[in-house]
Each structure stands twice: as structure tokens, then as C-alpha cells.
Ligand SMILES: [Zn+2]
């Protein structure tokens, strides 16, 4: 299987996939927390834990897709393969060549 040519033309697809993954993870984790929170809130003592859980769950549902869509595509300076940089990350490892990359601005740079 030729992985390299597969990776090269997937910039847009990757972004959509990341967004979709974010939605699935966000909604999945979020709704689980909300269900748990609502169930706990049925008792007065449970509500102390239940209500924050519902709020965190809502945060997941909103934040998950956002985090997914904020993943940037870039090119590895070592092997020129497409890599995705999750939002807020300062350093990542290239999945293809396993080299450490520092994120400067929007671009990955080589670690000296
Ligand atoms: Zn690489």
C-alpha cells in the first residue's frame, strides 16, 4: 500500500475528518457526561456533582468540534509529508519520520 501518495492530497479531507472526529468525540463524551449528570441530579446530593457534569458535557459538545476544526495541516520539514497540528500544541512528533518538530507560529520547524 502506498501511504505517501495517499497522505499528500488529503489536506481538505483531513480537516473535515478532524472536524468530524471532534464532533463525534465531543458529542459522544459530552452527552455521556450530561446523561450521567442528569441521573446524578435526580438526588439532591447527586446534584452537587451532577450539575457541573452537565456543564462540562455541554463544553465538550461545543469544544470538541471546535478543537477538531482548529487542527492545521502542515508539511514536515524532514520528510515533506502532511502532518496535522492540533490546536495549541507547541511541539509534535511527525507520524511518518518520527522526528520532533517545534511549532513556530503556524509552521513546524526542525529541532536543532
Ligand atoms: Zn516527517
What are the residue pairs meeting all of these: first residue in region 14-34, first residue outside the structural domain of residue 57 (by TED's automatic domain parsing), second residue crowded, with 17+ Cβ neighbours inside 10 Å and part of a helix (DSSP H, G or I), Cβ atoms under 8 Å, and 6 or more apart or on different chains? none
State whether the residues of region 51-65 include one that is loosely packed, with under 14 Cβ neighbours inside 10 Å, away from the ligand (no atom under 16 Å from the Cβ), part of a helix (DSSP H, G or I) and at pLDDT below 90. yes
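It is to be established whether one or more residues within region 71-82 are more than 16 Å from the ligand (Cβ to nearest atom) and loosely packed, with under 14 Cβ neighbours inside 10 Å. Walk me through how you get there before you give the answer.
Going residue by residue through region 71-82, those that are more than 16 Å from the ligand (Cβ to nearest atom) are 71.
Then drop every residue that is not loosely packed, with under 14 Cβ neighbours inside 10 Å, which leaves none.
For region 71-82, residues more than 16 Å from the ligand (Cβ to nearest atom) and loosely packed, with under 14 Cβ neighbours inside 10 Å: absent.
The values are calculated or read from the model by the stated rules, or taken from the named source; none is laboratory data. Note that the structure is predicted; figures quoted are calculated from it, not measured. Neighbour counts are summed over all protein chains in view; Cβ atoms, including those assigned to glycine, are modelled from backbone coordinates with ideal geometry.
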